[in-house]
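Colleague: Quick one: the structure is below, and I'll ask about it shortly.
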Amino acid sequence: MKIVILDGYTENPGDLSWEGFQNLGELKVYDRTSANDIVVRIADSDAVIVNKTPITKETIAACPNLKYIGVLATGYNVVDVRAAKERGIPVCNIPTYGTTAVSQYVFALLLEICHHVWAHSESVKAGIWTGSEDWCYWCYPLIELAGKTIGIIGFGRIGQSTGRIAKAFGMKVLAYDEYQNNTGRQIADYVSLDKLLRESDVISLHCPLLPSTKGIINKDGIQKMKDGVIFINTSRGPLVVEQDLTDALNSGKIYGAAVDVVSTEPILADNPLLKAKNVIITPHIAWAPKESRERLMKIAVQNLEAFLSGKPINIVNQ
Ligand code: NAD
């Protein structure tokens, strides 16, 4: 079996091993592949593995030997799954691998807004403490989370994991989701989106990007929020109208925001958030601790193994 990985770099920049795939066939790994090289590199491969490189209908038609498409991610919108299905090619994804990593990251962002640990440390290294009249000082308001309310929009795997951590911090947890379940009820009070927006001190987004959730955080919703709310987005950029978030940060309506995802990635130079006040922007890294990428690699290999044994798993285009 010939296996080709078109964009392996973000999953394995050198600290993991592709051995699992090597054991299954003749493997060729590319760090990145530009649009012009996709068909040439797939050539007569039996299996193609991608992260963000698009596999279009035209590519599928141009690669007659292709029998399997594996995605190194949960989201599989980069593959034309219908065209693959018409050719009888299963597309397999990684349904869950990053739950603990992403929910931990929500708190990395939130705690940075509450304490500005890095900026305080830098101020000490710059001599501010040495020259201080007092035995301590702080450059920003310091915020305690216990007793505050977090509102979680999308209460699935990552949302619930975030809710559990919030409870450990002594926070009250509100959740909004189209579907409710008993596990969720043990962590949070399910409420309407309106109530969540009105009553939360911190709002964290964890719903998927769908036509119904695009722009779910916009001017109207922001107006309903408490003055001085903290906003976190580790889910998908287009869930937020970025100009509206920028305006709310600049006016002080939103005290601080942290986003790991933006509308277009990599971020465009004219993204309004780049010039907004009190915003932390990170380059889509919530998923990426080594432990999380190891899990992803293991499941991606298991997916291909299962396909080869005739009992495919994690198929998204059945
Ligand atoms: P999940 O499917 O377990 O949970 C999503 C929840 O959102 C479900 O409970 C679903 O019912 C709910 N939902 C769907 N439509 C909704 C709507 N209109 N309003 C409110 N809730 C709605 O998914 P998950 O594993 O928890 O992942 C959540 C999201 O996190 C993913 O969709 C992805 O966008 C994002 N993510 C980001 C990173 C990162 O590195 N930043 C990594 C992994 C996942």
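Colleague: Cα centroid distance between the range 102-136 and the range 175-194, in Å?
Modeller: Comparing the Cα centres of the range 102-136 and the range 175-194, I get a distance of 34 Å.
Colleague: Calculate the all-directions average of the projected area of the range 39-110's alpha-carbon convex hull, and give it in nm². Let's see the in-between values first.
Modeller: Numbers: hull surface 21.7 nm².
Approximately 5.4 nm², given one-decimal rounding.
Colleague: Applying 1/(1 + (r/R0)^6) with R0 = 45 Å to the Cβ-Cβ distance of Ala119 and Tyr190, what FRET efficiency is obtained, to the nearest 0.05? Mind dumping the intermediate values first?
Modeller: Values: r = 37 Å, r/R0 = 0.81.
Efficiency, rounded to the nearest 0.05: 0.75.
Colleague: Here's another thing I want to ask about it. In terms of the ratio Rg/(2.2 N^0.38 Å) built on C-alpha atoms, what value belongs to the chain? Mind showing how you got there, number by number?
Modeller: Working: Rg = 22.2 Å, N = 318, 2.2 N^0.38 = 19.6 Å.
Taking the Cα Rg and dividing by 2.2 N^0.38 Å, one obtains 1.13.
Colleague: Give the order of Thr33, Thr162, Thr100 when sorted by the count of other beta carbons within 10 angstrom, beginning with the fewest. Write out the running numbers ahead of the final one.
Modeller: Numbers: Thr33 19, Thr162 30, Thr100 16.
Going from sparsest to densest Cβ surroundings: Thr100, Thr33, Thr162.
Colleague: If the elastic network links every pair of Cα atoms under 10 Å, which of Ser292, Ser103, Ser251 fluctuates the most in the Gaussian network model of the chain?
Modeller: Looking only at Ser292, Ser103, Ser251, the largest GNM fluctuation is found for Ser251.
Colleague: Here is the link list: Lys125/Lys167; Lys167/Lys253; Lys148/Lys298. Which ones come out longer than 29 Å on Cα distance?
Modeller: Numbers: Lys125/Lys167 34 Å; Lys167/Lys253 26 Å; Lys148/Lys298 38 Å.
Pairs exceeding 29 Å: Lys125/Lys167; Lys148/Lys298.
Colleague: How large is ³J(HN,Hα) for each residue in the range 284-299, as worked out from phi by the Karplus curve 6.51 cos²θ - 1.76 cosθ + 1.60 (θ = phi - 60°), to whole Hz, x for Gly and Pro?
Modeller: 6, 10, 4, 7, 9, x, 4, 4, 5, 5, 4, 4, 4, 4, 4, 5
Colleague: Subtract the Cα-Cα distance of Lys275 and Arg164 from 0.36 nm times their separation in residues, and report this length gain in nm to one decimal. Provide the component values of the computation, followed by the final result.
Modeller: On the way: separation 111, 0.36 × 111 = 39.96 nm, distance 3.32 nm.
That works out to 36.6 nm of additional length.
Colleague: Sort out for me the Cα centre separation of the range 212-229 from the range 36-98, rounded to whole Å.
Modeller: Cα centroid to Cα centroid, the span is 36 Å.
Colleague: Quick check: residue separation of Asp247 and Asp37 times 0.36 nm, minus the Cα distance between them. What number comes out in nm? If you can, show how the numbers build up before the last one.
Modeller: Details: separation 210, 0.36 × 210 = 75.60 nm, distance 4.13 nm.
That pair, Asp247 and Asp37, stretches by 71.5 nm at full extension.
Colleague: Another one. Using only helices, what value at 222 nm comes out for the chain when you add -39,500 (n - 2.57) per DSSP H run of length 4 or more and divide by the total residues, to the nearest 500 deg cm²/dmol?
Modeller: Numbers: 12 runs with 107 residues, N = 318.
Using -39500 (n - 2.57) per qualifying helix, the result is -9500 deg cm²/dmol.
Throughout, read-outs are computed from the coordinates displayed, never taken from laboratory work. Keep in mind the model is a prediction, meaning the values are calculated, not measured. Cβ coordinates were reconstructed from backbone atoms using ideal geometry, including for glycine residues, and neighbour counts include every protein chain displayed.
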